[in-house]
Amino acid sequence: MTSARTARGRWIENWDPDDEDLWERGGGRRVARRNLVLSVLSEHIGFSVWSMWSVLVLFMSPGIGLGFAPDEKFLMVVVPTLVGALLRLPYSYAVTRFGGRNWTVFASLVLLVPAASTVWFVQRPGTPLWVFLLIGATAGAGGGNFASSMTNITAFYPQRHQGWALGLNAGGGNLGVAAVQLLGLLVISTVGDTHPAYVAAFYLPLIALVAVLAALRMDNVTVLRTERGAQREAAASAHTWTISLLYVGTFGSFIGFGFAFGLVLQSQFGSTPLEAASFTFLGPLLGSVARPLGGRIADRFGGARVTLWAFAGMAAGIGVLLTATRNGSFPLFLAGFTSLFVMSGIGNGSTYKMIPAVFARQAEVAVTSGHDATAAFARSRRLSGAVIGIAGAMGALGGVAINLAFRSAYGRLGTGEPAFYAFLAYYALCAAVIRVVYLRGGHKAAPVSAGEQAWTHVG
């Protein structure tokens, strides 16, 4: 492993984490760990800024001159979710062009815009809805951080450790949802629900600190920088879209429920801001902690198998929610939502483990067919990074769908039951896809692009 400095930052050349000598004795493990830690910090702040509006809507009331209807509040959490999803594809591409270190610095500094804008406008009574929707759109940049961070970390770790590394990276980032909700609870419980600016102001120095640390301690790797056209190649793979379908169900559920949980409690049970804030952090916290666990379990038992278990658990959680809704049971409702967060967290980790496993298996098939091993595994790593970006974007769009479903259900009927039935149907579809595509032993079909064997068994 050699390193080189350019005018644009520090670059590591000849990086191959699957080289045992480099990884164990050449300092590879240490370099990867340092970049992982800083990646987690950056992504954590990004998720906090992205999901900040799930907290800010709890503050908005006529008492501070910002009274909005429930459907308008749901719209405030839909907009950052949507923009964050749309930014994930360009963000995952950008990190391959500009380098992990360089892009992390830029992506962190951009978050100063929504944080500072929020501090300014939430203190001004009578601010119109469109202003908050625009600020929420800029907060979507925090959601884009996930794709660039995950693509970057994929390049640093060997395939055998990627389930754990990606799970830890994503789980630490996902904790940003719980962190900002805990901060909201702290503000409401100490100074009341009339000071939303305190929530956004808290992140201004943290954003600057993370950007400085990334500039000083992170690295760029040329293996990412030199790859071109990976997203187009990945888009031609059937696996990209089946895995994206699954990730809509797992991550879409996690982020969608995380953004909507407080509003759902207010709409379903008439909870006060303090009551809602007292519980909203719990689900995202447990779901974030469960994500690396899902990756670790998938390393042992297979990503497809663990993801199937996760969807079964999520379906059971929906059953609990339907029972709680019909009986008006607040404790049972909380239990159902908490189980959904935990199982979606496990599913997030296991689904992302499937990505490198699928393409590594394709590389193995190519090598046994006589293709060059170096080229085959380089292609595997390139496609894995690209699919992570595509699946991440599609998964976040699932969060948009969940919030729109809640907005429609509570806006028209005053109950979440129709939305819960829709989620249950989608989980059943995902379970069927896993069984047919990834767990039916020996099933293969014609290649979908040159040199690719699609539908490879990866149980």
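The values are calculated or read from the model by the stated rules, or taken from the named source; none is laboratory data. Quick caveat, the model's predicted, so the values are computed rather than measured. When we count neighbours, we look across all protein chains shown, and the Cβ atoms used for this are built from the backbone with ideal geometry, even at glycine. Areas reflect the complete protein model, heavy atoms only, side chains present, ligands, DNA and RNA absent. Shrake-Rupley method; radii C 1.70, N 1.55, O 1.52, S 1.80 Å.
Brief remarks follow.
- PHE377 vs. criteria farther than 22 Å from TRP309 by Cα and in a helix (DSSP H, G or I): yes
- Exactly one residue among GLU233, GLU275 is in a helix (DSSP H, G or I), among the charged types (D, E, K, R) and in contact with a Phe, Trp or Tyr (Cβ under 9 Å, 6 or more places away or on another chain), and that residue is GLU275.
- Flag for PHE406 being among the hydrophobic types (A, V, I, L, M, F, W, C) and either open to solvent by 20 Å² or more (accessible area, probe 1.4 Å) or modelled with pLDDT of 85 or more (or both): yes
- Residues that are basic (Lys, Arg) and open to solvent by less than 30 Å² (accessible area, probe 1.4 Å) within the range 331-380 comprise just one, LYS353.
- Any hit, the range 94-104, residues being of a type in the set (Ser, Thr, Tyr) and under 22 Å from SER244 (Cβ atoms): yes
- Candidate set: the range 196-247, residues that are among the acidic types (Asp, Glu) and closer than 28 Å to VAL37 by Cβ; chosen: the one most open to solvent (accessible area, probe 1.4 Å): GLU227
- Some residue of the range 344-357 being over 22 Å from GLY249 (Cα atoms) and among the basic types (Lys, Arg): no
- Qualifying residue in the range 363-374 (condition: in a helix (DSSP H, G or I), under 21 Å from ASN152 (Cα atoms) and of a type in the set (Val, Ile, Thr)): yes
- Beta carbons closer than 6 Å, at least 6 apart along the sequence or on distinct chains, never pair a first residue in the range 75-92 that is acidic (Asp, Glu) with a second that is surrounded by fewer than 24 Cβ atoms within 10 Å (Cβ to Cβ).
- Which numbered condition GLU43 fails, given (1) of a type in the set (Asp, Glu); (2) modelled with pLDDT under 90; (3) part of a helix (DSSP H, G or I): (2)
- Taking the range 265-324 as the range and being among the charged types (D, E, K, R), surrounded by 24 or more Cβ atoms within 10 Å (Cβ to Cβ) and under 21 Å from PRO70 (Cβ atoms) as the test, no residue passes.
- Scanning the range 408-423 for residues that are free of Cβ contacts under 8 Å to residues at least 12 places away in the same chain, assigned to a loop (DSSP other than H, G, I, E, B) and of a type in the set (Gly, Ala, Ser) yields a total of 0.
- Hey, THR104 within 18 Å of the chain's Cα centre (by Cα) and surrounded by fewer than 24 Cβ atoms within 10 Å (Cβ to Cβ) or not: no
- Residue match in the range 166-185 (condition: part of a helix (DSSP H, G or I) and without any contact (Cβ under 8 Å) to a residue 60 or more places away in the chain): no
- Residues satisfying the stated conditions in the range 145-186, i.e. under 16 Å from LEU41 (Cα atoms), open to solvent by 10 Å² or more (accessible area, probe 1.4 Å) and among the hydrophobic types (A, V, I, L, M, F, W, C): LEU168, LEU175, ALA179
- Taking first residues from the range 316-330 that are in contact (Cβ under 8 Å) with a residue 24 or more places away in the chain and partners that are among the β-branched types (Val, Ile, Thr), the Cβ contacts under 8 Å between residues at least 6 apart in sequence or on separate chains come to THR325/THR415.
- Selected residue [more than 15 Å from the chain's Cα centre (by Cα) and of a type in the set (A, V, I, L, M)] from LEU183, LEU166: LEU183
- Residue match in the range 114-121 (condition: under 21 Å from ALA85 (Cβ atoms), assigned to a helix (DSSP H, G or I), open to solvent by less than 20 Å² (accessible area, probe 1.4 Å) and in contact with a Leu (Cβ under 8 Å, 6 or more places away or on another chain)): yes
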